[in-house]
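Undergrad: One structure, pasted below without further comment.
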């Protein structure tokens, strides 16, 4: 087993997948194409990455309050991340996840980590998320850093 | 801390006010727990951003609420929708898309909301007052209501805004509470010439920079010696809410909760102090353009929606001129503001110039631009920020005067000498 990070389960759930991480906040409106799951904010370090089914790590959302609606569309379209890890409790992500639960019984697990733990996350790692907010990083030694935020 | 619900809240949750209110309250309550709220509080107004047609799920949500008989219980304005209800056929909007976007408009209207269809509800008769508790969506509207009007709203995301309007209740957290409205960062303008501060273009550029610096903190801007207009503050806020998550800013001596530095910080110490010098603003100005090329297909004005004052300012610039045949000139506004502008005689000059007005929506909310439009010019930092990613266009950012001059010449022309050191 790899390193275990103890986070706060904002919306509890289970997930596992490839980590895609950046220290740069993102607006999903204008930043996330729910048809493809691609990050399309050309100013963002993760621009061009497809994150459907991945464990997406972003400190928080930025800008437009339409982020929630875009993430809900992604849930319906099957292009949402498997889980989202943040530093702050991000209420935009939380709402999308709660409405996805109310509408489709399909919440996105959300975990808030402290900044030090968040900084351990690098693109290319694999991770599992459990309902109690534990994030287990697998193969941390061999993980290659593909994209890392500023 | 546990969430204490009132008897009224519990009666909604129990379904005594109907199934739509029950669903809405369930979402409000779960969000209150995420926010860590101890209670809910009453609101007396709402602004709904969920009107923008994003896709099937948002439409399904709206139609489910409407189908369950949802009614808003406070005066509720509507943000831009996905199409100009009566003018979308003039543009490249696909008819099947328009049909769905229109169904979404009807769903929200059917809940008793006011069909304002504007992202600048603070420039309508439903403008909130100082201290009023409201639940607003739309980032530029949120930052304006909090900062310039002193009304109190959190950053309500799409889908939650309508739930608050249906229940009349919001989690008692964040910017609803006085203690959370104190400044956190001190941003000092240092040696910024007054002549530059008096230019309209100064405000979106400053806002872009402030948003990048502040992110989700509350900045206090000090050292502004000019008295900005309502539209200048609107441009500043929209820019700061695009490049950052700014929901409230204070400007010492300008905004209502900042008569002095001490009051703006509620007598606390700033967490950080950042000085802004002219070269930083020049850098921010450059960032707002995605290209140096001078090709031009369209000049686009009006994000946030053009006000009557902006129509009045634009009209004389267009007198006796005509837009270049290869360029389109478009202003996005609300139907009410366009009507006022028409009655004030400001639209004739725009029509004679060869320009158009689109209402109810904007180029970011509606798939209205044909693919041949690849190069935009704007004076809006919000359009400049979002267009490259959302529309896959290049953007040149300039002043209103630059936009008009460029539209006539058929290529991008920018006057930048005002940004040079004096």
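Undergrad: Report, in whole Å, the centroid distance computed from the Cα atoms of region B:120-157 and region B:304-363.
TA: Taking the Cα centre of each part, region B:120-157 and region B:304-363 sit 25 Å apart.
Undergrad: Then there's this: First measure r as the distance between the Cβ atoms of residue B:291 and residue B:415, then evaluate 1/(1 + (r/R0)^6) with R0 = 22 Å and state the FRET efficiency to the nearest 0.05. Please list the in-between numbers first.
TA: On the way: r = 18 Å, r/R0 = 0.81.
The value I calculate is 0.80.
Undergrad: Tell me, what is the percent relative contact order of chain B, built from C-alpha pairs under 8 Å that lie six or more residues apart?
TA: Working: 917 pairs, mean separation 69.2, N = 422.
Once divided by the residue count of chain B, the mean separation gives 16 percent.
Undergrad: Run the quick spin-label model on residue B:283 and residue B:215: label points 7 Å from Cα toward the beta carbon, then report their separation in nm to one decimal.
TA: 1.7
Undergrad: Before anything else, pin down the relative contact order of region B:7-175: Cα pairs under 8 Å, at least 6 apart, normalised by residue count, whole percent.
TA: Working: 312 pairs, mean separation 58.0, N = 169.
Value for region B:7-175: 34 percent.
Undergrad: Modelled label-to-label distance, residue B:260 and residue A:105, 7 Å Cα→beta-carbon offset: nm?
TA: Result: 6.1 nm between the two label points.
Undergrad: Indicate the gyration tensor shape class of region B:146-193 (rounded, prolate or oblate), computed on the Cα atoms with a ≥ b ≥ c the square roots of the eigenvalues: a/c under 1.5 is rounded; otherwise a/b larger than b/c is prolate and the rest oblate. Intermediate results must be reported in sequence, preceding the final value.
TA: Values: a/c = 3.42, a/b = 2.41, b/c = 1.42.
Prolate, since a/c reaches 1.5 and a/b exceeds b/c.
Undergrad: What are the radius of gyration and Dmax of region B:182-287, computed over its Cα atoms and given in Å?
TA: 12.3, 36
Undergrad: Could you give the distance between the Cα centres of region B:243-296 and region B:1-63, to the whole Å?
TA: 33
Undergrad: Here's something else I'd like to know. By its C-alpha gyration tensor, with a ≥ b ≥ c as the square roots of the eigenvalues, how is the protein assembly as shown shaped: rounded for a/c under 1.5, else prolate for a/b larger than b/c, else oblate? Could the numbers behind the result be given before it?
TA: Numbers: a/c = 1.42, a/b = 1.30, b/c = 1.09.
Judged from the Cα gyration tensor, the protein assembly as shown comes out rounded (a/c under 1.5).
Undergrad: Which of the peptides B:93-103, A:110-120 is most tightly packed, and how do the rest follow, judged by the mean count of other Cβ atoms within 10 Å per residue? Intermediate values should be presented prior to the final figure.
TA: Working: B:93-103: 15.0, A:110-120: 18.7.
In decreasing order of mean packing, B:93-103, A:110-120 become A:110-120, B:93-103.
Undergrad: Tell me the mean residue ellipticity at 222 nm calculated for chain A from its helices only (DSSP H runs of n ≥ 4, each -39500 (n - 2.57), averaged over every residue, nearest 500). Mind showing how you got there, number by number?
TA: On the way: 3 runs with 29 residues, N = 150.
My calculation for chain A gives -5500 deg cm²/dmol from helical runs alone.
Undergrad: For peptide B:242-251, compute the average count of partner chain beta-carbon atoms within 10 Å of each residue's beta-carbon. It would help to have the intermediate numbers written out before the result.
TA: Working: counts 5, 4, 3, 11, 2, 1, 0, 0, 0, 0.
So the per-residue partner count for this stretch is 3.
Undergrad: Averaged over B:215-227, how many beta carbons belonging to a partner chain fall within 10 Å of each residue's beta carbon? Before the final figure, lay out each step's value.
TA: Details: counts 4, 7, 0, 0, 0, 0, 0, 0, 0, 0, 0, 0, 0.
Per residue, the number of nearby Cβ atoms from other chains is 1 on average.
Undergrad: Looking at the P(r) of region B:251-357, how many percent of alpha-carbon pairs lie beyond 15 Å? Please report the intermediate quantities before stating the final value.
TA: On the way: 4215 of 5671 pairs.
The proportion of pairs with Cα distances above 15 Å equals 74 percent.
Undergrad: If you scale each eigenvalue of the Cα gyration tensor by 5 and take the root, what three semi-axes come out for region B:298-419, rounded to whole angstrom and sorted largest first?
TA: Details: eigenvalues 82, 62, 36 Å².
Semi-axes, largest first: 20, 18, 13 Å.
Undergrad: Take the Cβ-Cβ distance between residue B:392 and residue B:89 as r, set R0 to 30 Å, and report the resulting FRET efficiency rounded to the nearest 0.05.
TA: Values: r = 23 Å, r/R0 = 0.78.
Computed FRET efficiency for residue B:392 and residue B:89 comes out at 0.80.
Undergrad: Note down the relative contact order for chain A as a percent, whole number, built from C-alpha pairs under 8 angstrom at least six residues apart.
TA: On the way: 397 pairs, mean separation 54.4, N = 150.
It comes to 36 percent, rounded to a whole number.
Undergrad: Can you give me the Rg/Rh ratio for region A:4-138, using Cα atoms for both radii and the Kirkwood formula for Rh? Write out the running numbers ahead of the final one.
TA: Numbers: Rg = 13.0 Å, Rh = 14.1 Å.
When Rh is taken as the Kirkwood radius, the ratio is 0.92.
Undergrad: Shifting gears a bit: Would you calculate a helix-derived [θ] at 222 nm for chain B, using -39,500 (n - 2.57) for each DSSP H run of n ≥ 4 and dividing by the full residue count, to the nearest 500? Show your work: numbers first, answer last.
TA: Numbers: 16 runs with 159 residues, N = 422.
Computed mean residue ellipticity for chain B: -11000 deg cm²/dmol.
Undergrad: Who wins for biggest fluctuation among B:108, B:35, B:122 in a Gaussian network model of chain B, springs between alpha carbons below 10 Å?
TA: B:35
Undergrad: Same structure again: Compute the Rg/Rh shape ratio of region B:7-175: radius of gyration over Kirkwood radius, all on alpha-carbon atoms. Please report the intermediate quantities before stating the final value.
TA: Numbers: Rg = 15.7 Å, Rh = 16.1 Å.
We get a ratio of 0.97 for region B:7-175.
Undergrad: Using 1/(1 + (r/R0)^6) with R0 = 41 angstrom and r between the beta carbons of residue B:225 and residue B:339, what's the FRET efficiency to the nearest 0.05? Could you put the intermediate results ahead of the total?
TA: Values: r = 37 Å, r/R0 = 0.89.
The pair residue B:225/residue B:339 has a calculated efficiency of 0.65.
Undergrad: Please give the average number of partner chain Cβ atoms lying within 10 Å of the Cβ of each residue in A:97-105, rounded to a whole number.
TA: On the way: counts 2, 9, 12, 1, 2, 7, 7, 2, 0.
Taking the mean over all residues of the peptide, I get 5.
Undergrad: Springs between alpha-carbon atoms under 10 Å, Gaussian network over chain A: tell me which of A:43, A:126, A:62 tops the mean-square fluctuations.
TA: The residue that fluctuates most here is A:43.
Undergrad: In a GNM of chain B with a 10 Å cut-off on Cα contacts, which of B:28, B:246, B:205 has the highest mean-square fluctuation?
TA: B:28
Undergrad: Ratio of alpha-carbon Rg to the 2.2 N^0.38 Å globular estimate for chain B, to two decimals, please.
TA: Numbers: Rg = 21.6 Å, N = 422, 2.2 N^0.38 = 21.9 Å.
Scaled against compact globular proteins, the figure is 0.99.
Undergrad: Also, quick follow-up: Measuring from a point 7 Å past the Cα of residue B:190 along Cα-to-C-beta, which residues in region B:198-230 have an amide N at less than 15 Å?
TA: Residues passing the 15 Å test: B:222-224.
Undergrad: Now for a separate question. Between the alpha-carbon centers of region A:21-61 and region B:173-233, tell me the distance in whole angstrom.
TA: With region A:21-61 and region B:173-233 each reduced to a Cα centre, they are spaced 28 Å.
Throughout, read-outs are computed from the coordinates displayed, never taken from laboratory work. The structure presented is a predicted model; accordingly, all values stated were derived computationally and were not measured. Note: ideal-geometry Cβ built from the backbone for every residue, glycine included; neighbour counts use all protein chains shown.
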